[in-house]
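The values are calculated or read from the model by the stated rules, or taken from the named source; none is laboratory data. Treat the numbers as computed from the prediction; the structure is a model and nothing was measured. Cβ sites come from the backbone with ideal geometry, for glycine too, and all protein chains shown count toward neighbours. In case anyone asks, the SASA skips ligands and DNA or RNA and just uses the protein heavy atoms, side chains included. Shrake-Rupley method; radii C 1.70, N 1.55, O 1.52, S 1.80 Å.
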Amino acid sequence: MKRLIIPGTLVALILLAALAAPFLGLPDPVRQDIAHRLAGPLEGSPLGRDEFGRDVLSRLVWGARTSLGVAFASALIAGIIGTAFGLIGGWFRGLGELLTVRSMDVILCFPPVLLALLVVTLMGPGAGTLILVLSVLYLPGFARVTYAEVLSARSHDYVEAVRALGAPAPRILLRTVLPNVAGPVLVQLSLAVASAVVLESGLSFLGLGVVPPAPSWGLMIRGARATMEQAPMLLFWPCAVLTLTILAMNLLCDALRDAVDPRTAGTRSRLRAVDRLLPGLLPMAKPAPGTVLSVRGLTVEIDTPRGPIRPVQDVSFDVGAGETLAIVGESGSGKSVSATALMGLLPPVARVAAGEAWLDGTELLRLPEEQMRRLRGGPMAMVFQDPMSSLNPVHRAGDQVAEAILAHRRVPRAEAWKQAEALFRHVGIADPERRLRAFPHEMSGGMKQRVMIAMALANRPKLLICDEPTTALDVTVQAQILDLLAELRRETGTAIVFITHSLGVVAEIADRVAVMYAGQVVEQGSVAEVFHNPLHPYTRALLAAVPEGDAPPAGIPGIVPPPHAFPEGCRFAPRCRHAEPRCSAGPLALEEAEPGRDVRCVRWRELARRGAEVPA
Amino acid sequence: MLWVLRRIGISVALAWLVATIVFMTLHMVPGDPAELLLSTGGTMPDPATVAELRERLGLERPLLNQYGAFLMGLARGDLGVSLIDEYPVLDEIALRLPRTLELILAGTLIAVAVALPAGTYAALHRGGLFDRIASGVAALLLAVPVFVVGTLLVLVLAQMLRVMPAGGYVPFAEDPPRHLTLLALPAIAIAKGLSAVLFRMTRASVLDSLSRDYVRTARAKGLTARRVLVRHVVRNALTPVLTVLGLHMGTLLGGTVLVEYVFNWPGLSTPLLRAVEARDYPMVVGIVLTISGLFLLINLIMDLLYAALDPRVRAS
């Protein structure tokens with residue numbers, strides 16, 4: 001909204017000057033005075049006189065009246081007729097659409113200036129001809145915008161509801177649809193006015209628009225061209241005024257468009273702050289031998305307009321060779337952010353604020369980008385959630401897999417393709433020679449995810465991070481992909497971090513599980529122990545929420561709080577039926593309940609003593 | 001392949017529509033077209049002259065007959081003769097079209113060469129100094145009409161600094177360096193609007209592409225930043241830019257008329273403007289059809305390029 005003020009004021013001032021031209025006490029813009037031909041600033045003529053001795057300032061102001069008059073008249077005519085056409089076409093579809101919207105598109109086949117010249121040939125130059133031509137030129141824009149809005153408005157529930165109530169079409173159009181298209185039409189209107197000013201001045205400049213001696217900016221530039229050697233300022237003024245007017249209008253259009261359609265408004269990301277002071281202050285224990293990945297105290301910070309938030313805080317876990325660790329939690333618990341942080345793929349607004357992550361003796365979180373790049377797709381690889389959008393649509397599947405090989409090993413291209421074929425066979429893609437040459441859109445979702453897995457396995461990674469790799473797939477395909485991953489782990493001994501929100505998937509694939517809630521790990525241990533004897537009330541609630549047999553699943557009241565509203569103490573306390581005042585007293589640490597078993601709850605001992613007497 | 005044939009078919013149909021509309025314009029204006037063409041200001045034209053013009057334009061024949069003759073003429077490449085000097089319209093176009101094409105090509109090349117790298121760089125360093133300056137310059141360039149840029153270029157570089165010629169034309173075969181010097185300013189003037197539009201589109205498109213999942217995949221593979229940029233970001237960002245390029249060729253072709261006038265470049269615009277002023281209808285129709293046909297052809301080429309870049313288009 002703030003962006004509207006400056007261009008809005010400027011446009012308003014220009015409009016005001018144009019409207020008030022007769023009342024400003026300016027000299028007659030067409031009165032010639034050959035004695036003062038090309039005179040400099042005179043009394044009563046601060047900008048001097050033109051080649052016929054006419055007052056330049058007066059002509060500029062009256063010129064605005066001509067230009068804007070033509071522009072507004074044509075934009076309004078086009079707006080009214082075009083909007084009506086769009087409404088009719090969008091509402092009745094079929095023949096109405098063909099006649100009102102589609103037929104308009106033909107106008108777009110002509111370069112605008114040429115269509116205008118054609119009509120000028122027939123009708124002769126003049127403001128009337130200009131208005132006619134310009135309004136025809138802008139019709140399709142209005143018709144299209146309104147048409148699109150009507151189509152989307154039609155599908156809205158409230159329009160459907162009014163229709164179902166039996167309201168007649170014209171009334172629905174006027175009362176429910178029109179207010180919705182007002183925004184886009186307004187934007188279109190300002191675009192048309194700005195563009196009409198350009199075209200009018202251009203045609204007048206060619207001597208085929210406004211007829212002299214009427215003042216017009218285009219005509220003034222045309223006239224001043226002949227005398228540009230003696231009086232360059234004569235050329236400068238109309239150029240400056242014209243450019244400034246169009247600039248103000250364009251800026252107003254952009255601001256309007258952003259105000260009407262928030263999607264296009266760019267939120268400018270702040271530059272990365274240089275605050276890497278905290279990490280490294282707390283020394284950590286060396287990871288146990290046999291551990292492939294060891295994460296300690298991982299904390300991710302994101303700058304937002306409301307201040308920094310921490311969607312991931314103090315997350316720690318270990319994964320051993322050939323082991324699968326599942327990270328489970330609801331949406332917004334920070335699972336995916338943790339994974340992207342480990343891969344060094346955080347978006348620019350996010351950064352690792354604290355923590356360490358060791359992959360085979362290399363600390364990942366503070367590694368320079370070039371070394372990180374060598375690790376990515378090599379010793380550590382990742383499979384993403386949505387295979388539909390994760391493959392590049394314009395490259396062949398084989399190219400995309402071969403690319404992963406070539407990024408890490410110096411082999412000939414043909415060799416990389418041969419290896420890609422072997423990988424395809426390995427991940428169970430039938431007819432690999434043909435599939436290598438296929439584009440992503442020619443494959444099914446499950447097949448694409450197999451390609452993604454083949455890509456991730458291309459350089460025999462020690463660690464494979466899978467971020468909900470089956471969520472976007474059909475149930476039967478999900479099972480196939482899970483089987484494939486389990487089989488691959490057995491064969492290659494790769495350590496897997498498997499991110500999921502499904503406990504069923506955890507039970508099927510994982511050895512150990514870390515339960516995350518609101519950016520923290522609240523409990524971790526072996527799958528068998530955690531499932532059989534959950535220590536944290538949240539884990540218990542999650543397990544109870546899984547439908548089992550005929551018993552109805554118990555839901556968890558409330559929702560995961562957003563990162564800027566994380567509670568001070570235990571983050572689950574507001575939703576926990578065992579909460580006490582001391583739960584919210586202050587931040588909680590992850591406590592070791594027994595070796596390999598951690599929990600973040602002040603009451604876990606009492607609750608465990610009471611046993612599983614209450615399910616959740 | 002089928003897709004290509006269908007796309008060519010659409011272009012032919014559009015060309016026919018364009019021709020029909022041009023034909024109909026003459027008959028859709030209220031009143032007698034011949035009278036209209038001859039009237040200047042408020043004076044009534046001489047009835048004998050009107051009758052003669054009606055005869056020459058074939059307005060006495062039935063409408064369908066005229067339409068058929070018009071289309072047949074187009075198919076044979078016969079665009080009629082000028083009302084002023086009886087010079088065949090096609091000969092005039094054949095002489096001047098190459099010069100206009102050269103100007104368009106030079107302008108487009110300059111715009112693409114400036115806008116694509118600048119837009120990509122601005123997107124990669126979004127919010128940085130270059131991005132802010134370039135975005136501001138683009139907004140300014142979009143606001144200055146093409147004839148203002150041309151006129152100011154002449155004023156500053158030719159009149160005041162005297163480093164460039166004010167305009168004119170010398171055939172390439174006669175004096176290549178002089179030809180290119182004379183080409184430079186009009187080509188820059190034509191490129192100004194297109195480069196601003198392309199800069200904005202490239203910047204937006206690269207930003208969009210950067211946030212895509214497949215770019216994350218490419219980075220997760222461990223590709224070098226350069227390779228991610230070229231093969232995954234820019235390659236995918238190019239398709240929308242191409243579409244915009246095609247759509248804005250209309251504005252560019254219209255701008256050519258103004259630029260040729262400003263710089264005395266003897267392309268199609270000289271006879272066009274002369275003919276509009278003299279109400280030489282066949283000449284105007286011939287040139288308008290030629291440039292509109294060029295516009296359709298450019299868009300056809302853009303769409304075919306688009307298909308070459310994006311396999312999904314070929315499939316649909």
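Quick look at the values:
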read-out	value
Residues that are open to solvent by less than 10 Å² (accessible area, probe 1.4 Å) and within 7 Å of chain B (Cβ to nearest Cβ), drawn from region A:363-380	A:R376, A:G377, A:G378
Residue that is at the interface with chain A (Cβ under 10 Å from one of its Cβ atoms) and on the phi > 0 side of the Ramachandran plot, where the choices are B:G193, B:G222, B:G168	B:G222
Members of region A:143-170 found to be open to solvent by 80 Å² or more (accessible area, probe 1.4 Å) and among the basic types (K, R), listed by number	A:R144, A:R163
Region A:504-513, residues that are under 35 Å from the mean Cα position of the chain (by Cα) and farther than 20 Å from A:S316 by Cα	A:G504, A:V505, A:I509
Subset tally (residues that are in contact with a helix residue (DSSP H, G or I) (Cβ under 8 Å, 6 or more places away or on another chain) and either under 14 Å from B:V149 (Cα atoms) or among the aliphatic types (A, V, I, L, M) (or both)) for region A:212-235	12
Single residue of region A:98-128 satisfying the filter (surrounded by 20 or more Cβ atoms within 10 Å (Cβ to Cβ) and not aliphatic (A, V, I, L, M)) that is farthest from the other protein chains (Cβ to nearest Cβ)	A:T100
Count of region A:175-216 residues which are more than 32 Å from the chain's Cα centre (by Cα), crowded, with 24+ Cβ neighbours inside 10 Å and either more than 14 Å from chain B (Cβ to nearest Cβ) or not hydrophobic (A, V, I, L, M, F, W, C) (or both)	8
Qualifying residue in region B:208-228 (condition: over 30 Å from A:F384 (Cα atoms), more than 20 Å from the chain's Cα centre (by Cα) and open to solvent by 40 Å² or more (accessible area, probe 1.4 Å))	no
Selection count where residues are at the interface with chain A (Cβ under 10 Å from one of its Cβ atoms) and either touching a residue at least 60 places away in the same chain (Cβ under 8 Å) or open to solvent by less than 10 Å² (accessible area, probe 1.4 Å) (or both), scope region B:234-247	3
Flag for B:A69 being open to solvent by less than 60 Å² (accessible area, probe 1.4 Å), at pLDDT 80 or above and under 28 Å from the mean Cα position of the chain (by Cα)	no
Failed criterion for B:H179 (all others in (1) open to solvent by 40 Å² or more (accessible area, probe 1.4 Å); (2) away from every other protein chain (no Cβ under 14 Å) hold)	(1)
Check on B:G150, open to solvent by less than 60 Å² (accessible area, probe 1.4 Å), in contact with a Pro (Cβ under 8 Å, 6 or more places away or on another chain), closer than 18 Å to A:L206 by Cα and not in a helix (DSSP H, G or I)	no
Condition met for A:F439 (at pLDDT 90 or above and crowded, with 24+ Cβ neighbours inside 10 Å)	no
Filtered residues of region A:510-521 (kept if open to solvent by 10 Å² or more (accessible area, probe 1.4 Å) and farther than 21 Å from A:L359 by Cβ)	A:Q520
Qualifying residues in region A:387-423 (those that are among the acidic types (D, E) and open to solvent by less than 50 Å² (accessible area, probe 1.4 Å)) - the one farthest from the other protein chains (Cβ to nearest Cβ)	A:E421
Residues that are modelled with pLDDT of 85 or more, within 11 Å of another protein chain (Cβ to nearest Cβ) and buried (at least 18 other Cβ atoms within 10 Å of the Cβ), drawn from region A:226-240	A:L234, A:L235, A:P238, A:C239
Which listed residue, of A:P347, A:P308, is in a strand (DSSP E or B) and open to solvent by 40 Å² or more (accessible area, probe 1.4 Å)	A:P308
Residue check, B:L141 surrounded by 16 or more Cβ atoms within 10 Å (Cβ to Cβ) and either in a loop (DSSP other than H, G, I, E, B) or within 12 Å of chain A (Cβ to nearest Cβ) (or both)	yes
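This table checks each residue for (1) away from chain A (no Cβ under 11 Å); (2) in a helix (DSSP H, G or I); (3) out of contact with any His (no Cβ under 7 Å at 6 or more places or on another chain); (4) crowded, with 17+ Cβ neighbours inside 10 Å.
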| site | (1), (2), (3), (4) |
| --- | --- |
| B:V4 | yes, yes, yes, no |
| B:I8 | yes, yes, yes, no |
| B:V12 | yes, yes, yes, no |
| B:V22 | no, yes, yes, yes |
| B:P45 | yes, no, yes, no |
| B:A48 | yes, yes, yes, no |
| B:E60 | yes, no, yes, no |
| B:E86 | yes, no, yes, no |
| B:D91 | yes, yes, yes, no |
